[in-house]
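The values are calculated or read from the model by the stated rules, or taken from the named source; none is laboratory data. This is a predicted model, so every value here is computed, not measured. Because the Cβ atoms are built from the backbone with ideal geometry, glycine has one as well, and the counts that use them run over all protein chains shown.
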Amino acid sequence: MKILKKQRRKAPHHGTSLPKTAPKRALVRRKATGPRPGEHEILFLPLGGCSRIGMNMALYGHAGKWLIVDAGVAFMGDEAPGIDSVMADPYFIEQRMQDVVGLVVTHGHEDHIGAIHHLWPRLSCPIYASPFATRLIRDRLKEAGSLGDVRLHSFQGGKEFKVGPFRIEPIAMTHSIPEPFGLAIRTNAGTVFHTGDWKFDPEPGVGQLADMEALKRLGDEGVLAMMCDSTNATVEGSTGSEAEARAGLAAAFAGRKGAIAVAGFASNIARMKAVALAAKANDRKVVLAGRSLLRMEAIARVSGYLDDIPPFMSLEEASWTDRRNLVLLCTGSQGEERAALSRIARDDHRELWLERGDTVIFSARAIPGNEAAIDEIRHHLTKRGIEVITPAEAPVHVSGHPRREDLQRMYRLIRPRFAVPVHGMPEHLEAHASLALSCGVEDATVVSDGDILRVGLDGTELVDRIKPRRLAFDGRALIPWTGPIVPEAEERKAAE
Ligand SMILES: [Zn+2]
Ligand SMILES: [Zn+2]
């Protein structure tokens, strides 16, 4: 494993004074600094995702051109009151927009697509995404009023497409949202595999299975480097199937006397379906609370992922139904102040209330940084005689990311020469790098946001570094963000 600090060259200078807000449409292009990718190499530059979990955005450079993979946000929670989300400042991209050939999206999670509508039109290049992610991106851009300008293309698993000098084959994976894809990125200097977020789930509940044949074929063909998900690289064993959460929820619902509320991520359509099936098995009807859940349900239904689930009950119908026959699926599993659960817990929701004898199930794990807000909700609920069940007490959640045994299985399939762990805090990346070396890779490099790694037939080398600037959305505008990015050490645990 490489000791990075000694290898780093001096960071280039990018000016001293920051503007108060980032212009939506700048007249003057910021001066380009940094390396130009050659014909015989691939440059990898993570702008986000390699210092904390969230705000994923990476660049691949080859033959003078750059390809962007993902553009996501990180939610700051208690770490930064008044700040909605933080994302990578794409100044390096803007400086060389004429050489940027496209943005390819691995999947529709906010930490992978949530920055697109904020950064548009500053990132005015064609966007490629799965049909499901395309619908999510289109929805957001439309709301932001910028859909008109956007060239948005849907791709299909297994169908290679060309973007500049990059030939991209999306390979179907499983995760905690429909249509996650790993990207085999082929160039004249070799192939890299950007896994995106993934796990191996034989029963994902909705959508595709991981394309094991394509992964094996890719491994046989030969892969120079694998940029792979590190979220659970410190966790032993193998990540369970969504089927376990489905069974766990059905068991948790059984015999409950009062209303049941389940809090989860709106984008987890398999979980939405699991809640519907567990409710049906217990003679209950499901009602959705929260704008993002209703929006996700609509997109999931258009995409055909809820064909076997009858329409959910409206709040109006639910107001005429006994609480013992209802399951409320709501947002707010991370303690978000404005989400349904938080308002219900404080008893200031306009339409919904919980009372003694009801149950609240957190069907999601706390993302690091959100623990205090979740604890506060729990405190409000238990004080009022409402039982709270978390994944620590019952198997009501399964992660969407690979644990150590799953990572080993992936390395056996792909057999990359070099490993570049991504999507994690520094300790996840370190643990992943050690594991990759034990799986037989020639070299594993731990990179941080801003590092420029050269990948070639002769090996990998850190050739440069840019300052990883960040932008924050304060609810109105993007402002330069200079606050801390990495949460306190004791809060660093595997998320989702
Ligand atoms: Zn992610
Ligand atoms: Zn994800």
**Complete:** Output for Cβ contacts, cut-off 6 Å, separation at least six or different chains, first residue assigned to a loop (DSSP other than H, G, I, E, B) in the range 161-188, second among the aliphatic types (A, V, I, L, M), reads Gly164/Val101; Pro165/Ala63; Met173/Ala210; Pro178/Val206; Pro178/Ile269; Pro180/Met173
**Item:** Matching residues in the range 39-58 - criterion: being charged (D, E, K, R) and away from ligand 2 (no atom under 15 Å from the Cβ)
**Value:** Glu39, Glu41
**Asked** For the range 91-134, which helices (runs of 4 or more DSSP H) that fit wholly inside it have 1 or more residues that are in contact with a helix residue (DSSP H, G or I) (Cβ under 6 Å, 6 or more places away or on another chain)?
**Response** 110-113, 116-119
**Complete:** So, first residue more than 19 Å from Ala250 (Cβ to Cβ) in the range 389-412, second residue away from ligand 1 (no atom under 16 Å from the Cβ) and aromatic (Phe, Trp, Tyr), Cβ within less than 6 Å, six or more apart or across chains; the pairs are Asp406/Phe200
**Request:** Might you check whether a residue that is closer than 28 Å to Ala373 by Cα, charged (D, E, K, R), under 28 Å from the mean Cα position of the chain (by Cα) and in a helix (DSSP H, G or I) occurs anywhere in the range 321-329?
**Result:** no
**Where a residue in the range 56-79 is in a strand (DSSP E or B) and its partner, wherever it lies, is among the hydroxyl-bearing types (Ser, Thr, Tyr), with Cβ under 6 Å and at least six apart** = His62/Thr187; Leu67/Tyr60; Phe75/Ser85
**Of all residues in the range 168-194 being within 12 Å of ligand 2 (Cβ to nearest atom) and either β-branched (Val, Ile, Thr) or not assigned by TED's automatic domain parsing to the domain that holds Glu41 (or both), the one that is farthest from Phe44 (Cα to Cα)** = Ile177
**Prompt:** So which of Ala26, Ala80, Ala11, Ala22 is more than 21 Å from Gly196 (Cβ to Cβ), under 26 Å from the mean Cα position of the chain (by Cα) and modelled with pLDDT under 70?
**Reply:** Ala22
**Asked** Just one of the numbered conditions (1) more than 23 Å from Glu110 (Cβ to Cβ); (2) buried (at least 21 other Cβ atoms within 10 Å of the Cβ); (3) touching a strand residue (DSSP E or B) at 6+ places or on another chain (Cβ under 6 Å) is not true of Ala278; which one?
**Response** (3)
**Among residues of the range 46-66, those that are in contact with a helix residue (DSSP H, G or I) (Cβ under 8 Å, 6 or more places away or on another chain), more than 17 Å from Arg186 (Cα to Cα) and away from ligand 1 (no atom under 11 Å from the Cβ), counted** = 3
**Item:** Of the criteria (1) touching a Cys at 6+ places or on another chain (Cβ under 9 Å); (2) among the β-branched types (Val, Ile, Thr); (3) crowded, with 24+ Cβ neighbours inside 10 Å, which one Val105 fails
**Value:** (1)
**Message:** Any residue that is assigned to a loop (DSSP other than H, G, I, E, B), under 23 Å from Val398 (Cα atoms) and of a type in the set (S, T, N, Q) - is there at least one of those in the range 260-269?
**Reply:** yes
**Request:** Specify which of the listed residues (Ala281, Ala259, Ala250) is closer than 24 Å to Ile377 by Cα, of a type in the set (A, V, I, L, M) and free of Cβ contacts under 8 Å to residues at least 40 places away in the same chain.
**Result:** Ala250
**Request:** Considering only the range 186-201, state which residues are under 20 Å from Gly72 (Cα atoms) and hydrophobic (A, V, I, L, M, F, W, C).
**Result:** Phe193, Trp198
**Item:** First in the range 211-230 and modelled with pLDDT of 95 or more, second anywhere and within 16 Å of ligand 1 (Cβ to nearest atom) and among the charged types (D, E, K, R), Cβ under 6 Å, 6 or more apart
**Value:** Asp229/Asp197
**Asked** When you go through (1) away from ligand 2 (no atom under 16 Å from the Cβ); (2) out of contact with any Pro (no Cβ under 7 Å at 6 or more places or on another chain); (3) of a type outside the set (Val, Ile, Thr) one by one for Ala74, which number turns out not to apply?
**Response** (1)
**Residue match in the range 426-441 (condition: without any contact (Cβ under 8 Å) to a residue 60 or more places away in the chain and surrounded by fewer than 16 Cβ atoms within 10 Å (Cβ to Cβ))** = yes
**Request:** Scan the range 281-299 for residues that are in a strand (DSSP E or B) and surrounded by 23 or more Cβ atoms within 10 Å (Cβ to Cβ) and report the count.
**Result:** 4
**Residue among Asp139, Asp220, Asp197 that alone is over 20 Å from Asp111 (Cβ atoms), outside any strand (DSSP E or B) and not assigned by TED's automatic domain parsing to the domain that holds Val275** = Asp220
**Item:** Residues of the range 300-314 satisfying the condition of being assigned to a helix (DSSP H, G or I) and either over 27 Å from the mean Cα position of the chain (by Cα) or surrounded by 21 or more Cβ atoms within 10 Å (Cβ to Cβ) (or both)
**Value:** Ala300
